[in-house]
Amino acid sequence: MKCLVLKCLPLLLSALFFFSCKNGNKTEDSSPVIDHPLVSELNAQIKEKPGSAELYFKRGTVLHSIKEDSLAIIDLKKAISLDSSRSEYYSTIGDILFEHKDISGSVVWLEKAIKLNPKDPKAQLKIAKMFIFLNDNAKAFEAINTVLRQDAFNPEAYLLKGIAYKNIKDTARAISSFQTAINALPSYRDAIMQLGSLYSAKGDKIALTYYENAYKLDTTDVSPIYNAGLFYLNKGDIEAAKKQYTRAIMSDREYANAFFGMGFALMHQDSLEKARRQFDIVVGIDPANTDAYYNRGLCSEMMGNKQEALADYEQTLKFDPEYQAAITAKKRVSGK
């Protein structure tokens with residue numbers, strides 16, 4: 001038996017080493033091994049003051065900011081174990097879980113935060129966002145108004161209020177809420193984009209101004225330019241739409257929507273071969289884009305290439321068996 005133990009010892013040590021690595025990115029004193037200056041600085045501070053809940057909370061928020069959410073939650077739970085009276089510790093965990101679409105898990109932590117501090121704005125706004133997600137706008141308004149009673153100019157509260165009004169089709173109040181959010185924070189891009197969307201739906205050209213302002217705030221995101229193209233397309237101004245799509249493509253050659261928009265615009269002009277090439281690019285960027293396969297098939301069908309069209313309609317249905325337009329098109333070109 002002694003010999004057996006001695007023979008197994010190297011394997012046992014190897015296994016222990018493996019599991020220590022798997023649980024890892026942590027040192028023996030539970031400090032995350034992350035190459036980031038703020039994390040390193042907080043590691044040193046926590047080593048000096050291991051009983052500081054605030055330091056664990058700070059490190060948790062830094063870890064979250066660099067997308068190390070599993071480690072962030074460990075630190076936030078440690079902060080709670082050291083000081084269970086701080087509602088923001090709970091609401092931050094709820095916030096992270098909500099971002100990961102864990103709604104039920106998020107609610108548990110947000111409710112704990114609100115129980116500790118019913119006026120915690122972060123928890124109330126996250127609860128409001130959850131209710132909007134669940135389409136319970138009445139409860140969303142209740143949580144938002146709790147925040148506004150203590151902070152009458154909270155821009156995020158007005159953004160969420162605008163979205164809730166938008167959900168219940170109260171466009172006038174939605175616009176007013178988004179505008180108030182921008183008055184409180186002129187660079188609030190989310191609110192600017194929402195205004196662009198609402199005015200675009202009304203066919204009001206002021207939407208273009210909002211889209212342009214949103215793009216200027218972050219030129220790495222070309223979705224506002226794409227939306228401007230969509231505005232022109234809906235107005236029937238195909239050339240203006242194409243100019244916006246070209247502008248978006250020149251700024252970001254991986255933005256599939258711009259190529260799709262260009263393809264759709266070219267279809268309106270009966271430039272079917274050119275349109276088909278745009279949809280080729282889309283499926284190259286986004287191989288699961290059912291709309292691109294369907295429209296590429298439509299181009300092929302309109303050009304008389306029924307076999308190519310059938311292949312694209314079948315590919316569309318592989319990704320989405322309920323795609324009704326593709327079901328109809330497949331029957332049309334196959335005769336069955």
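Bear in mind that the values in this text are calculations on the coordinates, not laboratory data. Not measured: the values here are computed from a predicted model. Cβ coordinates were reconstructed from backbone atoms using ideal geometry, including for glycine residues, and neighbour counts include every protein chain displayed.
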(message) Quick check on my filter: what residues within the stretch 87-142 are under 18 Å from the mean Cα position of the chain (by Cα), buried (at least 17 other Cβ atoms within 10 Å of the Cβ) and not hydrophobic (A, V, I, L, M, F, W, C)?
(response) 92, 94, 95, 106, 126, 129
(request) Could you list, in sequence order, all residues of the stretch 266-293 that are surrounded by 23 or more Cβ atoms within 10 Å (Cβ to Cβ) and either within 18 Å of residue 319 (Cβ to Cβ) or hydrophobic (A, V, I, L, M, F, W, C) (or both)? (result) 275, 279, 282, 292, 293
(request) Could you look through the stretch 199-229, keep only residues that are buried (at least 19 other Cβ atoms within 10 Å of the Cβ) and hydrophobic (A, V, I, L, M, F, W, C), and pick out the one that is nearest to the chain's Cα centre (by Cα)? (result) 222
(message) Pull out all pairs, ordered by first then second residue, where Cβ-Cβ is under 8 Å, the residues are six or more apart or on different chains, the first lies in the stretch 283-312 and is within 19 Å of residue 265 (Cβ to Cβ), and the second is surrounded by fewer than 23 Cβ atoms within 10 Å (Cβ to Cβ) and of a type in the set (Asp, Glu).
(response) 285/254; 292/286; 296/280; 297/308; 299/273; 300/308; 303/273
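Can you find a residue in the stretch 275-295 that is over 30 Å from residue 334 (Cα atoms) and among the aliphatic types (A, V, I, L, M)?
First pass over the stretch 275-295, keeping only residues over 30 Å from residue 334 (Cα atoms): none.
Within the stretch 275-295, none of the residues are over 30 Å from residue 334 (Cα atoms) and among the aliphatic types (A, V, I, L, M).
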(message) Among the residues of the stretch 113-157, what is the count of those that are assigned to a loop (DSSP other than H, G, I, E, B) and either within 24 Å of residue 80 (Cα to Cα) or small (Gly, Ala, Ser) (or both)?
(response) 5
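Of a type in the set (S, T, N, Q), under 24 Å from residue 232 (Cβ atoms) and assigned to a helix (DSSP H, G or I): does that describe residue 328?
Considered against the rule, which asks whether it is of a type in the set (S, T, N, Q), under 24 Å from residue 232 (Cβ atoms) and assigned to a helix (DSSP H, G or I), residue 328 comes out as no.
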(request) Return the residue satisfying two criteria in turn: it lies in the stretch 49-80 and is touching a residue at least 12 places away in the same chain (Cβ under 8 Å) and of a type in the set (S, T, N, Q), and of such residues it is farthest from residue 114 (Cα to Cα). (result) 52
(request) Any chance you could count how many residues in the stretch 232-256 are assigned to a helix (DSSP H, G or I) and either under 20 Å from residue 187 (Cα atoms) or touching an Asp or Glu at 6+ places or on another chain (Cβ under 9 Å) (or both)? (result) 2
